[in-house]
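Written out below as structure tokens is the structure these notes cover.
The values are calculated or read from the model by the stated rules, or taken from the named source; none is laboratory data. Here the structure is a predicted model, which is why all the values come from computation and not from measurement. Note that we place each Cβ from the backbone using ideal geometry, even for glycine, and neighbour counts take in every protein chain shown. The area values use the complete protein model at the heavy-atom level, side chains included, leaving out ligands, DNA and RNA. Shrake-Rupley method; radii C 1.70, N 1.55, O 1.52, S 1.80 Å.
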Amino acid sequence: MSETIETLLDESRLFPPSDEFRAQANLNDPEIYARAAADPVAFWEEQAKDLDWFEPWHTALEWHRPFAKWFVGGKLNACYNCVDRHAAGPRADKIAILWEGEPGEVRKITYRELKDEVCRIANALTSLGVKKGDRVCIYLPMVPELAMTMLACARIGAAHSVVFGGFSADSLAERTNDAQAKVIVTADGGYRRGNVVPLLKITEDALSLGCASVETVLVLNRIGTPSSEPRNPKFRSWGDLVLHQSTDCPCEPMDSEDLLFILYTSGSTGKPKGIVHTTGGYLTQAAVTSKWVFDLKENDVYFCTADCGWVTGHSYIVYGPMANGATCVMYEGAPDSPDKDRFWRIIERYGVTILYTAPTAIRAFMKWGSEYPDGCDLSSLRLLGSVGEPINPEAWIWYHEVIGKKRCPVVDTWWQTETGSIMIAPLPGITATKPGSATQPLPGIVAAVMSEDGRDITPVHGALGYLACADGRDAPAKGAEVGGILAITHPWPGMTRGIYGDPDRFQKVYWDKFPNHYFPGDGTKVDEDGYFWLLGRVDDIMLVAGHNISTMEVESALVDHHAVAEAAVIGKTHELKGQAISAFVILRTGASATVDELKAHVAQKIGALARPDDIFLCADLPKTRSGKIMRRLLRDVAEGRALGDTTTLADPTIVRALKDQYEDKEG
Ligand code: 6R9
């Protein structure tokens with residue numbers, strides 16, 4: 001990480017918007033920042049008016065830290081805003097979803113057709129007894145029915161909890177039980193890199209672990225294998241239940257603060273947190289940030305490469321773009337299937353104008369070589385986005401030059417499952433970008449950099465550089481950066497309303513760190529222009545290929561193996577994935593297990609995404625006198641650095657021996 005910081009701070013290139021882009025941009029007057037800052041609540045009220053409300057709100061914000069309520073008293077329906085209002089107007093025959101399956105099938109679904117499909121699914125769920133307030137777990141591959149089922153839930157007022165298809169039976173069962181889901185919607189399988197992911201089999205395994213709340217499993221036939229015949233009395237097939245349903249289904253009027261969805265994200269304790277989002281505030285921010293940050297317009301063909309199993313797929317495949325009536329490209333599979341030019345072929349085929357992807361993918365494309373994008377016509381592109389982890393300047397420049405041909409603004413967007421929507425990002429018609437910086441908080445968002453001891457050290461920017469720090473102390477010299485911990489200091493509409501069923505944990509994880517601010521868990525620097533440089537997590541969460549995985553979660557999976565006595569897991573800097581999972585394991589006396597067996601055990605417990613890259617079997621781990629494992633030193637060992645401060649260790653010889661052994665093994 002220290003190397004990353006150094007490369008970031010050397011970065012001084014500036015990319016102002018071109019005159020041509022600025023002239024056509026949705027936002028091009030910097031005055032919006034000052035207007036929003038003058039009264040953020042009034043500003044967000046203005047944005048909420050872009051949505052269709054059945055009944056207006058009476059109070060814009062009720063704030064009882066840490067719980068916010070936005071647009072209180074207002075009634076609306078997210079599905080109505082994303083589907084019906086387009087299907088009923090001039091966008092009825094506009095393509096909403098342009099889908100490509102990994103094997104190559106294409107489906108083009110208009111807003112009118114989308115409404116019919118969503119209504120059928122909504123009626124099917126209602127026929128299964130799903131009512132407003134119930135939870136539905138969605139465990140589907142990236143097929144249109146995934147987005148449709150999310151919208152169908154929103155239509156009838158049921159909350160969805162989408163579980164990414166790469167999660168294991170244990171993870172699916174844990175999430176299903178925590179949400180007390182009544183129905184699981186899954187498929188017989190999905191395609192990934194030419195293989196079939198056996199989602200139905202995994203769902204069966206999850207049920208056999210005990211999912212008492214589940215009354216029905218609705219099974220989509222994606223693969224079409226004979227084994228997809230329902231084997232369990234709870235299973236109902238899509239063909240029997242959905243296809244003959246009526247295409248009429250009213251939209252449930254939802255209170256602005258009614259639950260829209262739960263999405264699980266990794267927590268430092270290992271137990272996933274069910275992040276709660278409600279309707280009015282979430283949808284307002286998702287919709288408006290799509291328009292601002294991606295400069296989304298009527299004729300755009302927008303391609304976000306995320307999976308709907310993550311928040312990016314929720315806010316920037318489904319809710320944000322569709323609230324704007326956009327055409328969204330959705331792709332089922334891997335970027336290198338059948339070949340490493342799959343994304344570029346998709347862009348060429350459909351004339352994609354906006355691409356939103358992740359640094360881990362960009363680094364893989366760089367490694368594969370420019371010949372893949374160079375072999376395709378990418379001239380339709382006009383804007384590029386990045387999300388999920390810090391983007392290193394080298395990857396940023398490659399993205400800008402090789403994919404964007406230096407024509408397309410690059411928007412690096414910082415946000416989280418918990419924030420609901422983008423928080424820190426450039427406005428492409430206004431902001432001059434710097435490679436590696438997400439630039440500034442969006443209008444209406446107020447962020448700060450805090451010291452470890454909780455002081456607000458945000459530089460207050462004046463015409464000649466810094467005037468002072470927010471806490472009144474001396475300003476840093478011009479040219480210096482201020483480093484610390486990111487905080488969000490004012491409530492925002494898309495903020496999570498809590499952890500499902502666990503208000504104490506919500507308070508503890510996000511609100512105890514600073515007396516008045518939200519603590520996202522990220523480190524940041526702010527430079528002399530007031531630009532934020534997000535530096536990764538400051539807690540025990542790893543960002544592996546952009547996916548959050550807690551060290552504790554992987555450690556628990558390892559010690560769950562009968563041969564393991566103790567395990568310590570760290571995120572080790574990795575060229576492509578950002579971080580790779582590296583584990584140090586002590587086996588029980590007399591027990592034996594191979595490294596491959598332990599890796600497979602973790603994949604089976606959590607999912608393939610958590611499989612450690614390397615496992616090092618050792619005799620001892622470095623611990624403090626109070627018995628805490630010092631992961632910082634294990635990172636030094638794994639990354640081949642000189643050992644940091646070892647004075648607090650109970651026995652400093654352990655880590656030195658470990659380092660020698662590790663280096664012997666690495667050769
Ligand atoms: C949207 C999403 C959130 C964590 C977040 C941070 C990291 C995301 C980033 C970024 C630097 C960016 N992160 N975007 N770090 N620059 N542009 O990824 O949500 O899966 O909840 O992850 O990802 O560490 O705290 P989520």
Inter-site label distance for HIS244 and HIS562 at 7 Å from Cα along Cβ, in nm: 5.0 nm
List the trypsin sites (Lys or Arg not before Pro) within the range 26-72 that fall in a DSSP loop (any state other than H, G, I, E or B) and whose Cβ has at most 14 other Cβ atoms within 10 Å. LYS49
Find, to one decimal place in angstroms, the Kirkwood hydrodynamic radius of the range 111-255, where the mean of 1/r is taken over every pair of different Cα atoms and then inverted. 15.0 Å
Relative contact order of the range 111-255, defined on C-alpha pairs under 8 angstrom at six or more residues apart (%): 29 percent
Check: in the range 111-255 the Lys pairs 8 or more apart or on separate chains whose Cα atoms fall under 24 Å apart number 10
Looking at the chain only, what percent of DSSP beta bridges run antiparallel? Nearest 5 please. 60 percent
Taking amide H atoms as placed 1.01 Å from N in the peptide plane, list the residues 5 or more away in sequence, or in a different chain, whose amide H sits under 5 Å from that of ALA447. THR489
Compute the semi-axes of the equivalent ellipsoid of the range 541-666, taking the square root of 5 times each eigenvalue of the Cα gyration tensor, and list them largest first in whole Å. 22, 18, 13
Among the listed pairs LYS599/LYS628; LYS271/LYS525; LYS434/LYS525; LYS577/LYS665, which are separated by more than 20 Å between their Cα atoms? LYS599/LYS628; LYS271/LYS525; LYS577/LYS665
For the range 588-631, what class follows from the C-alpha gyration tensor (a ≥ b ≥ c being the square roots of its eigenvalues): rounded when a/c is under 1.5, otherwise prolate if a/b is larger than b/c, else oblate? oblate
Here Rg/Rh (Cα, Kirkwood) for the range 313-398 equals 0.95
Contact order relative to length of the chain, as percent, for alpha carbon pairs under 8 angstrom and 6 or more apart: 13 percent
Set Lys and Arg Cβ to +1 and Asp and Glu Cβ to -1, take the dipole of the chain about its Cα centre, and tell me which of ALA179, PHE71, ALA487 lies farthest positive. ALA179
Debye, to nearest 20: dipole size of the range 229-307, +1 on Lys, Arg Cβ, -1 on Asp, Glu Cβ: 460 debye
Kirkwood-Stokes translational diffusion coefficient of the range 216-287, alpha-carbon pairs, 10 °C, 1.306 mPa s, µm²/s: 99 µm²/s
Normalised per residue, the volume of the convex hull around the Cα set of the range 543-611 (Å³): 72 Å³
Per-q log10 I(q)/I(0), the range 305-362, q = 0.15, 0.21 Å⁻¹ (Debye; single scatterer per alpha-carbon; no solvent): -0.45, -0.88
Could you check how much of the accessible area of the chain is carbon and sulfur, as a whole percent, using a 1.4 Å probe? 50 percent
Please report, for the Cα atoms of the range 339-447, the Rg to one decimal and the Dmax as a whole number; what are they, in angstrom? 14.0, 43
Need one word for the chain: rounded, prolate or oblate. Basis is the Cα gyration tensor (sqrt eigenvalues a ≥ b ≥ c); a/c below 1.5 gives rounded, then a/b vs b/c decides. rounded
Before I look further, what does the chain give for accessible area per residue, probe 1.4 Å, in whole square angstrom? 37 Å²
Compute, for the range 111-255, the length of the dipole vector about the Cα centre, with Cβ point charges of +1 (Lys, Arg) and -1 (Asp, Glu) only. Units Debye, rounded to 20. 120 debye
Share (percent) of C-alpha pair distances in the range 216-363 greater than 28 Å works out to 39 percent
Within the chain: Cβ-based charge dipole about Cα centre, in debye rounded to nearest 20 (Lys, Arg +1; Asp, Glu -1): 840 debye
Can you give the net charge of the other residues whose Cβ lies under 11 Å from the Cβ of GLU252, counting K and R as +1 and D and E as -1? +2
One finds the C-alpha centres of the range 282-346 and the range 603-620 to be spaced, in Å, by 32 Å
Can you find, among HIS601, GLY627, HIS547, the residue farthest towards the positive end of the dipole of the range 541-666? Put +1 on the C-beta of Lys and Arg, -1 on that of Asp and Glu. GLY627
For the range 402-418, 3J(HN,Hα) per residue [Karplus equation, 6.51 cos²θ - 1.76 cosθ + 1.60, θ = phi - 60°, Hz, x = Gly/Pro]: 7, 8, x, 6, 6, 9, 9, x, 9, 10, 8, 10, 9, 5, 9, 3, 5
